[in-house]
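Reviewing the structure listed below.
The values are calculated or read from the model by the stated rules, or taken from the named source; none is laboratory data. Model, not experiment: these values are computed from the prediction. Glycine gets a Cβ as well: all are built from the backbone with ideal geometry, and neighbour counts include every protein chain shown.
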Amino acid sequence: MAAIVEIDEQNGKVASSIHTHNIANSNMGSADASSLDPAKNPIAQGANSYEKWQLIHVVSMGTATSISNLKVWRTGSLGAHANHLTNARTTSYGGAENFTTPTNAVSTVATQSMPTSAPTSANLGIGGSLTGSLTSPGYSDFLVHQIQTDTSAISGSSTSLNYSYDETS
Amino acid sequence: MVKHLCGQCSKKFSSLSAYLKHKCSATEHTPAEIEHFQSPSHAATTPIKRKGTIFPDEEILEAIAEARKK
């Protein structure tokens, strides 16, 4: 039996945050909420989305002995005047981030472009390290990402976020 | 204090363990049940039917034997 893994998201203020398990989507917009409706919460030209603070959550190991090598990247068009930024990176990784209230100001955590193809090595850590692994149910480090636009940004593009991990039996 | 929310059925829980134990009304499974990730088409098994066989094997063998006699 394979491991059971879900994608989680945390929203709200630190002291009273909501941790949503097994999110239905990763829609980004002008609200700090999971599975938001982008039509009702559009990002204005020149503005930023609220940061997403997400986790890869191993709910059950099944017959796996280890989960490691976490990778995150996007595919699909983002539009010419928008940038998708993240804390995920294969070098100079900043370690595990402590949750802070998501902001729509320019993120100080998501500062590097989200890869547009699968990275050749892990870009999201476990226990603060890109070489970390889980041998029992638990969480990855927080994946923090944000869309930033300029005043020429137009609507209509969509991009998919991809998550991958290695499972060792 | 962190509250836990199931992203499928939107039910709120006061702890992770309560979330993991709940039977989700959207998926009809607890989060740690493997069946949650199996589609009905995988869960159901359909017997494989032989195609193109009109006659029983015995009749075919008899027909071959008759043909060889001629």
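Quick check on the range A:81-100. Is at least one of its residues modelled with pLDDT under 95 and in a loop (DSSP other than H, G, I, E, B)?
Within the range A:81-100, one or more residues are modelled with pLDDT under 95 and in a loop (DSSP other than H, G, I, E, B).
For the range A:58-73, check the following and say yes or no: at least one residue is more than 14 Å from every other protein chain (Cβ to nearest Cβ), surrounded by fewer than 17 Cβ atoms within 10 Å (Cβ to Cβ) and part of a loop (DSSP other than H, G, I, E, B).
Scanning the range A:58-73 turns up at least one residue that is more than 14 Å from every other protein chain (Cβ to nearest Cβ), surrounded by fewer than 17 Cβ atoms within 10 Å (Cβ to Cβ) and part of a loop (DSSP other than H, G, I, E, B).
Can you name every residue in the range B:11-27 that is within 9 Å of another protein chain (Cβ to nearest Cβ) and in a loop (DSSP other than H, G, I, E, B)?
B:C24, B:T27 - these are the residues of the range B:11-27 that are within 9 Å of another protein chain (Cβ to nearest Cβ) and in a loop (DSSP other than H, G, I, E, B).
Could you grab me the full set of residues in the range A:113-129 that are outside any strand (DSSP E or B) and either more than 12 Å from A:V72 (Cβ to Cβ) or among the small types (G, A, S) (or both)?
Matches in the range A:113-129: A:S117, A:A118, A:T120, A:S121, A:A122, A:G125, A:G127, A:G128.
Is at least one residue of the range A:6-25 within 13 Å of chain B (Cβ to nearest Cβ), touching a residue at least 40 places away in the same chain (Cβ under 8 Å) and of a type in the set (S, T, Y)? I'd like the intermediate steps shown before the answer.
Start the filter on the range A:6-25 by keeping residues that are within 13 Å of chain B (Cβ to nearest Cβ), which leaves A:6-25.
Still in the running and touching a residue at least 40 places away in the same chain (Cβ under 8 Å): A:6-14, A:17.
If we keep only those that are of a type in the set (S, T, Y) as well, we get A:17.
Yes: the range A:6-25 contains one or more residues that are within 13 Å of chain B (Cβ to nearest Cβ), touching a residue at least 40 places away in the same chain (Cβ under 8 Å) and of a type in the set (S, T, Y).
Given the structure, is A:A88 under 20 Å from A:P119 (Cα atoms) and buried (at least 21 other Cβ atoms within 10 Å of the Cβ)? Give the steps one after another, and end with the answer.
Working: under 20 Å from A:P119 (Cα atoms): yes; buried (at least 21 other Cβ atoms within 10 Å of the Cβ): yes.
When the stated conditions are applied, A:A88 passes them.
For the range A:13-29, what are the residues that are surrounded by 17 or more Cβ atoms within 10 Å (Cβ to Cβ) and assigned to a loop (DSSP other than H, G, I, E, B)? Walk me through how you get there before you give the answer.
We begin by selecting, within the range A:13-29, every residue surrounded by 17 or more Cβ atoms within 10 Å (Cβ to Cβ); these are A:17-23, A:26-29.
Across the range A:13-29, the qualifying residues are A:S17, A:N22, A:I23, A:S26, A:N27, A:M28, A:G29.
Got at least one residue in the range A:39-60 being free of Cβ contacts under 8 Å to residues at least 60 places away in the same chain and not aliphatic (A, V, I, L, M)?
Looking for residues that are free of Cβ contacts under 8 Å to residues at least 60 places away in the same chain and not aliphatic (A, V, I, L, M), one finds at least one in the range A:39-60, hence yes.
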